[in-house]
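The values are calculated or read from the model by the stated rules, or taken from the named source; none is laboratory data. Just so you know, these numbers come straight off a predicted model, no measurement behind them. Neighbour counts are summed over all protein chains in view; Cβ atoms, including those assigned to glycine, are modelled from backbone coordinates with ideal geometry. What goes into the accessible areas is simple: the full protein's heavy atoms, side chains included, and nothing from ligands, DNA or RNA. Shrake-Rupley method; radii C 1.70, N 1.55, O 1.52, S 1.80 Å.
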Amino acid sequence: GGANQSAALQGVVSGMAQDDPLAAANFVADQPSGEGQAKAAVAVASRWAEMDPAAAAAWAATFTGDARNQALIPVVQRWGQVDPAGAGAWIGALPKDASRDGIVQRYVDAITWQYPEQAVQFVAMIGDDKLRARATQNIAQNWINSNPESAGVWIAGSDLPDDQKRRLLEQVKKRSNP
């Protein structure tokens, strides 16, 4: 049935993508749109992102709807880890729409541990209030754990709601003076 075909397609393109991501990408692009193509696109994008995240992102962005979003997520996560500035520049150029929020959130999540200062610059791009608040909270928690002093400076000067700011600054105090 459809699920077996989809899994088989995923397996085939994943193997192809390891050797020749462009050939695998062209093969997937020629498949009929739908869940099978979307899953195959994710498989190719994930492999390709390990070798050339910029090319993988450009290719994944050519899809529409769900396939585009699903394919971009692993690319942005990988790219954010290996070249946060390059990934950030690419993300900054994305059109402002609902799908961008999810992509920005994945990028922020991917870089938060190593680059919290950069993550906070991008979290403001998330249009959805709840998603932005959750991502901001995540950055603050990770930053407090890795560097409570600089996290405290950022939190104190941020435009976070007062109650959230107070709770986070209490955590900073506990981390700084155990």
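Return the residue satisfying two criteria in turn: it lies in region 78-101 and is open to solvent by 70 Å² or more (accessible area, probe 1.4 Å) and in contact (Cβ under 8 Å) with a residue 12 or more places away in the chain, and of such residues it is nearest to residue 53 (Cα to Cα). For region 78-101, the residue satisfying everything is 78. Would you tally the residues in region 100-115 being farther than 13 Å from residue 134 by Cα and not β-branched (Val, Ile, Thr)? Residues flagged as farther than 13 Å from residue 134 by Cα and not β-branched (Val, Ile, Thr) within region 100-115 amount to 6.
Residue count for region 123-169 satisfying the condition of being open to solvent by less than 80 Å² (accessible area, probe 1.4 Å) and either assigned to a helix (DSSP H, G or I) or closer than 17 Å to residue 113 by Cα (or both): 30. Of the candidates 104, 172, the single residue that is open to solvent by less than 70 Å² (accessible area, probe 1.4 Å), over 23 Å from residue 63 (Cβ atoms), not in a loop (DSSP other than H, G, I, E, B) and not small (Gly, Ala, Ser) is 172. Among the numbered conditions (1) within 26 Å of residue 39 (Cβ to Cβ); (2) modelled with pLDDT under 90, the only one that residue 96 does not meet is (1). Only one entry of 17, 7 meets the criterion of being of a type in the set (A, V, I, L, M) and within 20 Å of residue 66 (Cα to Cα), and that entry is 7. Scanning region 68-75 turns up one or more residues that are in a helix (DSSP H, G or I), surrounded by 14 or more Cβ atoms within 10 Å (Cβ to Cβ), more than 12 Å from the chain's Cα centre (by Cα) and at pLDDT below 90. Screening residue 32 with (1) modelled with pLDDT of 90 or more; (2) open to solvent by 70 Å² or more (accessible area, probe 1.4 Å) gives one miss only, at (1). Taken over region 140-178, residues that are more than 25 Å from the chain's Cα centre (by Cα) and among the hydroxyl-bearing types (Ser, Thr, Tyr) amount to 1.
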